[in-house]
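Visitor: The structure is given below, and queries will be raised subsequently.
The values are calculated or read from the model by the stated rules, or taken from the named source; none is laboratory data. Fair warning: this is a prediction, and the values are worked out from it, not measured in the lab. Neighbour counts run over all protein chains shown; Cβ positions are idealised from the backbone, glycine included.
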Amino acid sequence: MIKKILINFKRYWFLMTQLILRDFKVKYKRSVLGVIWSLLYPILMMTVMAIVFSQMFRFKVEGINYLVYLMTGIIMFNYFSEASHAAMTSVVDNFLLINKVYIPKYIFPLAKCIFVGINFLLTLIPWLGVIALSYAGLGEYTCHFNINYLLLPYVFLCLFLFTVGVGLFLSCVSVFLRDVFYIYGIVTTIWNYLTPVFYSIEILPTKLQYLMRFNPLYQFLNTTRTIVVYEQTPSLATLGMLGFLGLAAVAIGSIVFKKNQDKFIYYV
Amino acid sequence: MIDIKNVSMKFNLGIEKEFSIKQAFVNFLSPKARKTRKKKEEFWALNDVSFHVDKGEVVGLIGSNGAGKSTLLKVVSGVMKPTKGKVQVNGVISPMIELGAGFDGNLTARENIYLNGAILGYSKKFLQDKFEEIVEFSELREFLDVPVKNFSSGMTAKLAFSIATIVNPEILIVDEILSVGDIKFQEKSKHKMMELIKGGTTVLYVSHSLDSIRELCDKVVWLEHGQIVDIGDTNRICDEYFDKQMGNTKPKKK
């Protein structure tokens, strides 16, 4: 079965690259700065949020570089939110194609997750820039580059898998129930506030702190921050759990998707 | 080679209505009514259809509107899974059902050739090799770098046709001979389609033009109300079909 999947994958890889390329071309069409926006956007977001939370609300996370803390949260949560939303609508958006030509349908959500993922990789450039500037005194405390950075690709890969799983699941459910588009919009807003993107978990009551462990996004954010902001090595248990979260999400998403994909055609 | 065995295809006409709060409420209150309604809204687009297409054979599909011809093409091309029965296809299918599905108006003609080609299942190398041929055939060389949304419908159709017919198909599925564009291109495209069909490949061909069916097909399948009325010799079945249609009598169900 795995062999069959791989053959299929190889056959449709070209289509996948074309879909991703299409998204890129369309995204930056008629914008003067084009791809530079991918670099600029997270910086501007970080600046706005840093001003709002540290100046207006007098928000502080003691003893660490808040700017790096904040930006790590923003780029990772934004990746998840953007990719899962794009993946969710991808099957319904492409129904004209699905109705006319045989294409393995999982290609659409997967292509979206990869497309937003490439954008995410671009946002790492300004992110690394902010970390480098912390040596020059940006954000008070210095975040030192360290050997644990080698673990970051693994953490990001797990986040990617987790997002693909959620995307597959949502794109499938939304075919049958378009309300999911609206519901998920609300869900991500709530999820955003329930994830310590701009605050630190310590300000929460102890009970909530305990519950936070069951928020997968918290785990991804926290592991990255452990490496970058706190300059520590994440425990093996944590790393194992991230892998588990990613694989479990992909497994559940694929099973739900595969079970229902033949029915899509009647609903789109 | 295509082998179609006892294929049935059920549509649920109620699906559009099913997903509203009102309907859910009604269903909740009277599950019985729901069941009968469901039965009423079942529609069998294909009912126990079986036939076989040999390698290199050109098979025509005829029947009035709504007889299930297009559904059958979709089942064979893999877009739909049959409710019952089995379809076995040996070889790569080139569906020529809809032109230009998957064009992105924001992309240029050049970009769309690659995108559309990928959707139709062409490989990168094949597209690179055939790129010139596609452009040449479409007569749109000077507009290659114009976004397709600025094309006239005729130009879009010409481009789509040129991409779709560049294949050396193993199995060709055709829903009507397409002749698009201006008079000159119509002749050219018709000629190209004929060439493809006559080229010795396996073809499943749907048409309302009995003349072209008589000219091209080795064998004809006559569908009516999702069931096969008759299979066999092209001329005999075309005659019978024509008489039935013009005599305005309903064909017998098998």
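Visitor: How many of the residues making up region B:50-89 are free of Cβ contacts under 8 Å to residues at least 40 places away in the same chain, surrounded by 19 or more Cβ atoms within 10 Å (Cβ to Cβ) and out of contact with any helix residue (DSSP H, G or I) (no Cβ under 7 Å at 6 or more places or on another chain)?
Guide: Summing the residues that are free of Cβ contacts under 8 Å to residues at least 40 places away in the same chain, surrounded by 19 or more Cβ atoms within 10 Å (Cβ to Cβ) and out of contact with any helix residue (DSSP H, G or I) (no Cβ under 7 Å at 6 or more places or on another chain) in region B:50-89 gives 1.
Visitor: Hey, another quick one. Which residues, counting only those in region A:1-42, are part of a helix (DSSP H, G or I) and either modelled with pLDDT under 85 or surrounded by fewer than 11 Cβ atoms within 10 Å (Cβ to Cβ) (or both)?
Guide: Across region A:1-42, the qualifying residues are A:Ile2, A:Lys3, A:Lys4, A:Ile5, A:Leu6, A:Ile7, A:Asn8, A:Phe9, A:Lys10, A:Arg11, A:Ser38, A:Pro42.
Visitor: Just checking, how many residues over region A:29-51 are more than 14 Å from chain B (Cβ to nearest Cβ) and among the charged types (D, E, K, R)?
Guide: Residues meeting the conditions: 0.
Visitor: Shifting gears a bit: Determine whether region A:168-191 contains at least one residue that is in contact (Cβ under 8 Å) with a residue 60 or more places away in the chain, of a type in the set (A, V, I, L, M) and more than 14 Å from chain B (Cβ to nearest Cβ).
Guide: yes
Visitor: Does B:Ala67 satisfy being away from chain A (no Cβ under 11 Å) and in a helix (DSSP H, G or I)?
Guide: No: the conditions fail for B:Ala67.
Visitor: So A:Ala132 ticks every box in (1) over 24 Å from the mean Cα position of the chain (by Cα); (2) exposed (fewer than 15 other Cβ atoms within 10 Å of the Cβ) but one. Which box is left unticked?
Guide: (1)
Visitor: Please list, ordered by first then second residue, the pairs with beta carbon atoms under 8 Å, 6 or more apart or interchain, first in region A:13-28 and within 7 Å of another protein chain (Cβ to nearest Cβ), second assigned to a helix (DSSP H, G or I) and hydroxyl-bearing (Ser, Thr, Tyr).
Guide: Note: pairs meeting the criteria are A:Gln18/B:Tyr114.
Visitor: Please specify each residue of region A:52-101 satisfying the condition of being within 14 Å of chain B (Cβ to nearest Cβ), in a helix (DSSP H, G or I), aliphatic (A, V, I, L, M) and over 24 Å from the mean Cα position of the chain (by Cα).
Guide: Residues satisfying the conditions are A:Leu96, A:Leu97, A:Ile98.
Visitor: Sticking with this structure for a sec: If you take the residues of region A:191-232 that are more than 26 Å from A:Ser84 (Cα to Cα) and not in a helix (DSSP H, G or I), which of them is farthest from the chain's Cα centre (by Cα)?
Guide: This residue is A:Pro205.
Visitor: Still on this model: Do we find that A:Thr189 is within 22 Å of A:Met46 (Cα to Cα) and not basic (Lys, Arg) in this structure?
Guide: Working: within 22 Å of A:Met46 (Cα to Cα): yes; not basic (Lys, Arg): yes.
For A:Thr189, the condition - within 22 Å of A:Met46 (Cα to Cα) and not basic (Lys, Arg) - is met.
Visitor: A further question on this structure: Keeping to region B:75-100, report how many residues are within 8 Å of another protein chain (Cβ to nearest Cβ) and either in contact with a Ser or Thr (Cβ under 6 Å, 6 or more places away or on another chain) or of a type in the set (Lys, Arg) (or both).
Guide: Going through region B:75-100 one residue at a time, the tally reaches 3.
Visitor: Within region A:102-115, work out how many residues are out of contact with any Asp or Glu (no Cβ under 6 Å at 6 or more places or on another chain) and in a helix (DSSP H, G or I).
Guide: Qualifying residue count, region A:102-115: 8.
Visitor: So which of A:Gly129, A:Gly139, A:Gly73 ends up being over 23 Å from A:Asn192 (Cβ atoms) and out of contact with any Lys or Arg (no Cβ under 7 Å at 6 or more places or on another chain)?
Guide: A:Gly129
Visitor: Continuing with the same structure: If you take the residues in region A:249-262 that are surrounded by fewer than 15 Cβ atoms within 10 Å (Cβ to Cβ) and either within 14 Å of another protein chain (Cβ to nearest Cβ) or in contact (Cβ under 8 Å) with a residue 24 or more places away in the chain (or both), which one is nearest to A:Trp191 (Cα to Cα)? If you could, list the steps in order and put the result at the bottom.
Guide: First pass over region A:249-262, keeping only residues surrounded by fewer than 15 Cβ atoms within 10 Å (Cβ to Cβ): A:251-252, A:255, A:258-259, A:262.
Subset that is either within 14 Å of another protein chain (Cβ to nearest Cβ) or in contact (Cβ under 8 Å) with a residue 24 or more places away in the chain (or both): A:251-252, A:258-259, A:262.
Numbers: A:Ala251: 22, A:Ile252: 20, A:Lys258: 27, A:Lys259: 28, A:Asp262: 31 Å.
Filtering first and then ranking leaves A:Ile252.
Visitor: Now for a separate question. Are there strands (runs of 3 or more DSSP E) fully within region B:176-234 with at least 1 residues that are farther than 21 Å from B:Thr165 by Cα and touching a residue at least 24 places away in the same chain (Cβ under 8 Å)? List them.
Guide: Of the strands (runs of 3 or more DSSP E) lying wholly inside region B:176-234, those with at least 1 residues that are farther than 21 Å from B:Thr165 by Cα and touching a residue at least 24 places away in the same chain (Cβ under 8 Å) span B:219-224, B:227-232.
Visitor: Given (1) at pLDDT below 90; (2) over 24 Å from B:Ile213 (Cα atoms), where does B:Ser77 come up short, assuming only one miss?
Guide: (2)
Results for (1) crowded, with 21+ Cβ neighbours inside 10 Å; (2) more than 18 Å from B:Leu120 (Cβ to Cβ); (3) of a type in the set (A, V, I, L, M); (4) out of contact with any Cys (no Cβ under 6 Å at 6 or more places or on another chain), shown as yes or no for each residue.
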| residue | (1), (2), (3), (4) |
| --- | --- |
| B:Glu136 | no, yes, no, yes |
| B:Asp145 | no, yes, no, yes |
| B:Lys158 | yes, no, no, yes |
| B:Ile166 | yes, no, yes, yes |
| B:Gly181 | yes, yes, no, yes |
| B:Arg214 | no, yes, no, no |
| B:Asp218 | no, yes, no, yes |
